[in-house]
């Protein structure tokens, strides 16, 4: 009988499977032991590509030299399913010691009771000059849980050669009207003035803030969607005019396909992205090296650039961490001035303190970003906001308006959905 | 694929000329008593596994649905008992009932399409020569083996408004209104694409299983019926179908369950949008549980799903037991 | 076309037959095309340079071929580790559920005993289990019994996910096999179990193939539990996690994702081909000895 073979083989494989799994977890338990004196192993979770491999190596080497008693283990986490992963980590008995969390997500964890309260370390870490867009979401009811790590905001990346051909002077684009006019000039033939996908909602948020509106507001202690206010509608109308000056798909966001890849194909004059996006473009199409320039997103008037969403990350220490002192040492190093300057230059980030802004003056992308960062805003600071992002009715709203839906009706409907989502979680 | 041939399955009657084989469905009823402890020993591992790995977690889920259970309680414990509050919140949410209706529509459309297409493919495969049959079965397996995430992504690309093959093909064929047509902007279109994806992913399993069942239909029955002058449809209805009926019902039942629980495809492709157009119950449950951190409400929603699904399948169970009793 | 009618001696008859079979072959061709196009698109994307992946006029055959994406995919950290983990977990779960499911299916289909109906009903209800929502209770139980971060936990979960299906389908297959065959073998001096093994098991081969493929594909693809239950011990992560690792803040590296998906789909095909051989030999030996 031929089936005897696979059956007996199965038993062996199965036993092996159980043994291996038993072994590997066993050895891990042993490694976690030395919490008190001696060396302690510190597990740190950073997000994929939030730091470059070179920077990570430089940092870990230096950290090992200055803190021989701490064995640093950096684990890179993937973006897919990170919310669930962090939840699982915070609720476990043996959590990682430091976790990087996106600034729009950190509020829900700060509220959960799973993070170590670092309020008394604020002065020690130089909290007075922290970027507001990072520090506020990390705080809950007056206590600081998330420590600002880095920030980035969006700028306009443009093609120097195409702009020159069209006779446009990018340094002169200071207002929205000038921006529209210039983009219109660039949008001819099969060349796109701007590649703006229909669901780039961070860009829309900026336009709404410029008008004086917001995504959601708090009334009588209850959060409400505010996309149907006149200011928010004006922001959406501007988005619609700008989006029409290119062939960005109306039912997709900037990651699908990655807009940097679209720009790399060569027929796109501008995109709205973080300056780091320029590296992706030139990686895909080396011919564009040196042909990419940056300017801050223009505002309503020439005296200040447009409002932008401050993206970025905080570092947190889980309450279940078994090496909290070592974890704090790590957080203090990485968010300290020395490494922040290096990180900002290496990754084109905005450093976590306003006092360090000058560190990136030499980099054109980061400089444009820093100019915009002065007008940085954050998404509504409430745990409920994560629920809105998870469903993201705003994306549907944008698509509906761009494909011919009635703007007022869609806005009213979406505001209701935002209200519901924000309050379902609290 | 050369292996599964029509003739490869030994035909009982052919192998043992002395015996006439009755249709397997109506099998004889001898010597199935006096089993002693054997059946209990045989099902014991399955029962124990189910008790610890399924019933116990399910009981915890029921408990959670009666508690105030959010991220804080998951981390720190000490959840408070709130009785039926979560169910009240859930059942009084008009959105929930829209989702329930949509789930049923989604399930019905998918199951009908899957069963019809799979049966046609299975019958066709049975009539094919060796090479064609190998080709069809292999491509079915390939489609089936494609990772869900990859399949979903590819479908997303095919219908991409700017770079999608579908829009390109339709425009090339002269349908200019499909130039940059945003499929995912319209609820109905997005719903249709998801149906297409789910059908595409589900047909291989159903078709292969039905085909396997077809190979167990004794060829002699066909031949004698043909000699009696029965037409192809008649043979299918009165000879083939009765034999494969248990498997057809089984596949039907499984497809009902699976489409009712379809989750990954929708989550990856539309997250339930645009609006709520593609939100069916499991998506709703996960939206509330993970995005809103309301594990209590999510638990209640998915338990409600199980109850609704059982309602659909009650008919199937009754019929199955009637058959069992005949044995 | 000669393949379809190799044994027809007369030429004209074969032409007629060919014509009659034309709709059938057209249907077969359509099935193959519809099934394979997305698969082909995945594989072919993996060979395209990144800038050709999304283009306004689709490239059905890449203008330039590249192996770069496969290099990226294979060189991703932990590649070999993820593979062996996934294999162990998946094969373990499938074999467990095959062995246990086959026993239970036999008891249900061939024996009369008290509680049989209840057991069948329980298995069907188990099939309906809302696994997406059971993740929290399973997590809590695993945490409280110190089973987080272990591959064994994943194996057990996947075993449970596939067991009801295995039992149900095998029960259906066993029911279609005439018990008279086994009885005859018992008359010839086989034990009940021996009769089952020699007569029914080979006939069950297509059913075993279908169920193990199903189990394999389900467990192989599973992401949510693998993501939630393997936390700090990253050496225990499985392949679906690897698939999601080509995503960063600037979007997804689709070329690498598709290359990874192609590599990822290969084992299921391999399992199919492997079982194929056993199906054949099982059937053959069953025919000879039976």
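Let me check against my output: what whole-number percent is the relative contact order of chain B, with C-alpha pairs under 8 Å and at least 6 apart?
Values: 303 pairs, mean separation 87.1, N = 327.
Value for chain B: 27 percent.
Rg (Å, one decimal) plus Dmax (Å, integer) for the alpha carbons of chain B?
24.5, 75
For n ≥ 4 DSSP H runs only, could you compute -39500 (n - 2.57) per run for the protein assembly as shown, divide by its residues and tell me the 222 nm figure to the nearest 500? Each step should come with its number before you reach the end.
Values: 47 runs with 614 residues, N = 1043.
Estimated from H runs of four or more residues: -18500 deg cm²/dmol.
Give me A:358, C:133 ranked fewest to most by other Cβ atoms within 10 Å of their Cβ, as a rough exposure proxy. Walk me through the intermediate numbers first.
Details: A:358 11, C:133 29.
By the 10 Å Cβ count, ascending, the order reads A:358, C:133.
By how many degrees, between 0 and 90 and to the nearest 10, does the Cα long axis of helix B:38-50 differ from the longest principal axis of chain B?
20
Cα atoms only, segment A:297-426: Rg and Dmax in Å?
19.5, 56
Which order do the peptides B:106-113, C:205-212, B:251-258 come out in when sorted by mean C-beta neighbours inside 10 angstrom, highest first? Intermediate values should be presented prior to the final figure.
Values: B:106-113: 19.4, C:205-212: 24.1, B:251-258: 21.8.
My ranking of the peptides, most packed first, is C:205-212, B:251-258, B:106-113.
Treating the Cα atoms of segment A:47-119 as identical point scatterers in vacuum, please give the log10 of the normalised Debye intensity I(q)/I(0) at q = 0.13, 0.17, 0.18 Å⁻¹, two decimals.
Cα-only, vacuum Debye calculation for segment A:47-119: -0.48, -0.80, -0.88.
If packing is taken as the average count of other Cβ atoms within 10 Å, what order do A:244-251, A:265-272, B:78-85 fall into, highest mean first? Can you show the working numbers first?
Working: A:244-251: 24.4, A:265-272: 22.6, B:78-85: 11.9.
Ranked from most to least packed, the peptides come out as A:244-251, A:265-272, B:78-85.
Dividing the alpha-carbon Rg of segment C:117-204 by 2.2 N^0.38 Å yields what?
Values: Rg = 18.6 Å, N = 88, 2.2 N^0.38 = 12.1 Å.
Here the Cα radius of gyration is 1.54 times the empirical estimate.
For segment C:178-230, treating each Cα as an identical point scatterer without solvent, what Debye log10 I(q)/I(0) comes out at q = 0.14, 0.15, 0.18, 0.23 1/Å?
With one equal scatterer per Cα and no solvent, log10 I(q)/I(0) is -0.54, -0.57, -0.65, -0.81.
Quick check: the angle from helix A:201-210's long axis to the longest principal axis of chain A, C-alpha only, nearest 10 degrees?
Value to nearest ten degrees: 60.
Could you work out the mean count of beta carbons from other protein chains within 10 Å of each residue's beta carbon in C:257-267?
Details: counts 4, 4, 0, 3, 8, 3, 0, 5, 8, 1, 1.
Counting other chains' Cβ atoms within 10 Å and averaging over C:257-267 gives 3.
Please list, short to long, the whole-number percent of alpha-carbon pairs of segment B:211-304 in consecutive 5 angstrom bins beginning at zero.
3, 12, 15, 14, 10, 7, 7, 8, 8, 8, 6, 3, 1, 0
Take peptide B:249-257, look around each residue's Cβ out to 10 angstrom, count Cβ atoms belonging to other protein chains, and average those counts.
Values: counts 1, 6, 2, 0, 4, 7, 0, 1, 6.
If you average over the peptide's residues, the count of other-chain Cβ atoms is 3.
Could you tell me the relative contact order of chain C? Use alpha-carbon pairs under 8 Å, at least six residues apart, and round to a whole percent. Kindly include the intermediate steps, with their values, before the conclusion.
Numbers: 272 pairs, mean separation 79.7, N = 290.
27 percent.
When DSSP assigns beta bridges and you keep just the ones with both residues in the protein assembly as shown, what percent turn out antiparallel, to the nearest 5? Spell out each step's value before the answer.
Values: 33 of 47 bridges.
Here the share of antiparallel DSSP bridges comes out near 70 percent.
Need one value for C:86-92: mean number of C-beta atoms belonging to other chains within 10 Å of its residues' C-beta atoms. Could you put the intermediate results ahead of the total?
On the way: counts 0, 2, 8, 2, 1, 6, 9.
Partner-chain Cβ atoms within 10 Å, mean over residues of C:86-92: 4.
Return the percentage of antiparallel bridges among DSSP beta bridges fully within chain A, rounded to the nearest 5 %. Before the final figure, lay out the partial values.
Values: 28 of 42 bridges.
The antiparallel fraction comes to roughly 65 percent.
Would you report the distance distribution of C-alpha pairs in chain A as whole percents per 20 angstrom bin, up to the bin with the largest distance?
Going from the shortest bin to the longest, the percentages are 24, 51, 21, 3, 0.
When the Cα centres of segment B:151-184 and segment A:224-302 are compared, how far apart do they sit, in Å?
The two parts, judged by their Cα centres, are 22 Å apart.
Provide the packing ranking of A:107-119, B:210-222, i.e. peptides ordered by the mean count of other C-beta atoms within 10 Å per residue, highest first. Don't skip to the answer; put the middle values down first.
Details: A:107-119: 21.9, B:210-222: 19.6.
Peptide ranking by packing, descending: A:107-119, B:210-222.
If I model the protein assembly as shown as equal point scatterers sitting on the Cα atoms and use the Debye formula, what is log10 I(q)/I(0) at q = 0.07, 0.09 Å⁻¹?
-0.66, -1.06
Among C:136, A:99, rank each residue by its count of other Cβ atoms within 10 Å, from fewest to most, as a rough exposure measure. Walk me through the numbers on the way to the answer.
Numbers: C:136 25, A:99 30.
Arranged by neighbour count, lowest to highest, C:136, A:99 become C:136, A:99.
For B:306, B:99, what ranking results if the residue with the fewest other Cβ atoms within 10 Å of its Cβ goes first?
On the way: B:306 19, B:99 23.
By the 10 Å Cβ count, ascending: B:306, B:99.
Would you mind classifying chain C by shape? Square roots of the alpha carbon gyration tensor eigenvalues, ordered a ≥ b ≥ c; an a/c under 1.5 is rounded, otherwise it is prolate if a/b is larger than b/c and oblate if not. Working shown, then result.
Details: a/c = 2.44, a/b = 1.11, b/c = 2.19.
Oblate, because a/c is 1.5 or more while a/b does not exceed b/c.
No value in this document is a laboratory result; all are computed from the given coordinates. Worth saying up front: this structure is predicted, and the values here are computed from it rather than measured. All Cβ positions, even for glycine, are placed from backbone atoms using ideal geometry, and neighbour counts span all protein chains on display.
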